[in-house]
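Scroll down for the structure; my scribbles are underneath it.
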Amino acid sequence: MAPPRERPPFAAGERTQLVGWLDLQRAIVHYKCEGLADEDAHRAVLPGSPLMTVAGVVSHLRWVEQSWFEVLFLGRPADGPPFDTSREDADMMVDGVPLGQLLAEYERQCAMSNEIIAAHSLDETGRHPDFRSAAASLRWMLIHMVEETGRHAGHLDVIRELLDGRKGYY
């Protein structure tokens, strides 16, 4: 079941609004995947972008969450497909991985991100010594993730319409 698609309150603190907007975009990602068969989730519809599939985008978003909040912010090891220098866009290479599994992994990663966000000041900066972007504040990272997730939710909107004609505001 997809998370609820709710905007944050009009009058709320900064953290509530930032996390609220990010959670809305995350929920839209789930919504755009509802009822989609695995075969279609892995089907490329843009000839110049063969990895731009619903499954590939969901996987990418899962790894982006992990990269920004666990690796760059907390300073944990840079492990996983985004850090595989032997393959460009390795985080989008998910042939044979069911969409349901990818969505569950994304949901778990988002929950982990929200735990990290809740435990730290928005002014705190990242800790990873090997990446320049780790110097950003948690606030900056949250704003970036709203942008990143919203942009990819838009990609999913277009891909879904090309796959089966389904469209909707959210």
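Out of everything in segment 94-107 that is in contact with a helix residue (DSSP H, G or I) (Cβ under 7 Å, 6 or more places away or on another chain) and assigned to a helix (DSSP H, G or I), what residue ends up being surrounded by the fewest Cβ atoms within 10 Å (Cβ to Cβ)? That would be Glu105. In segment 44-73, the residues that are under 12 Å from Leu156 (Cα atoms) form Cβ pairs under 7 Å with partners that are outside any helix (DSSP H, G or I) and of a type in the set (Lys, Arg), at six or more places apart or across chains, as follows: Thr53/Arg43. Residues Leu142, Leu156, Leu122, Leu162: which one is not in a helix (DSSP H, G or I) and not basic (Lys, Arg)? On inspection, the qualifying residue turns out to be Leu122. Yes or no: segment 108-123 includes at least one residue that is touching a residue at least 40 places away in the same chain (Cβ under 8 Å), under 13 Å from the mean Cα position of the chain (by Cα) and surrounded by fewer than 18 Cβ atoms within 10 Å (Cβ to Cβ). Yes, the conditions are met somewhere in segment 108-123.
Would you confirm whether any residue within segment 85-93 is of a type outside the set (Phe, Trp, Tyr), part of a loop (DSSP other than H, G, I, E, B) and touching a residue at least 24 places away in the same chain (Cβ under 8 Å)?
Kept after step one, since they are of a type outside the set (Phe, Trp, Tyr), are these residues of segment 85-93: 85-93.
Imposing the further condition that a residue be part of a loop (DSSP other than H, G, I, E, B) reduces the set to 85-89, 93.
This time we only want the ones that are touching a residue at least 24 places away in the same chain (Cβ under 8 Å), so: 89, 93.
For segment 85-93, residues of a type outside the set (Phe, Trp, Tyr), part of a loop (DSSP other than H, G, I, E, B) and touching a residue at least 24 places away in the same chain (Cβ under 8 Å): present.
Considering only residues in segment 1-39 that are within 14 Å of the chain's Cα centre (by Cα) and among the aromatic types (Phe, Trp, Tyr), the one that is farthest from Gly154 (Cα to Cα) turns out to be Trp21. Within the option set Ser59, Ser49, being touching a Leu at 6+ places or on another chain (Cβ under 7 Å), over 25 Å from Ser137 (Cβ atoms) and small (Gly, Ala, Ser) holds for one residue only, Ser59. Exactly one residue among Arg132, Arg127 is farther than 16 Å from His30 by Cβ, exposed (fewer than 13 other Cβ atoms within 10 Å of the Cβ) and either more than 15 Å from the chain's Cα centre (by Cα) or free of Cβ contacts under 8 Å to residues at least 24 places away in the same chain (or both), and that residue is Arg132.
Kindly indicate whether Trp21 is aromatic (Phe, Trp, Tyr) and touching an Asp or Glu at 6+ places or on another chain (Cβ under 7 Å).
Against the criterion (aromatic (Phe, Trp, Tyr) and touching an Asp or Glu at 6+ places or on another chain (Cβ under 7 Å)), Trp21 does not qualify.
Under 6 Å by Cβ, and 6 or more places apart or on different chains, what pairs join a residue from segment 145-170 that is surrounded by 13 or more Cβ atoms within 10 Å (Cβ to Cβ) with one that is modelled with pLDDT of 95 or more and among the aromatic types (Phe, Trp, Tyr)? Final answer for the pair search is Val146/Trp21.
The values are calculated or read from the model by the stated rules, or taken from the named source; none is laboratory data. Note that the coordinates shown come from a computational prediction; the quantities given were computed from them, not determined experimentally. Glycine gets a Cβ as well: all are built from the backbone with ideal geometry, and neighbour counts include every protein chain shown.
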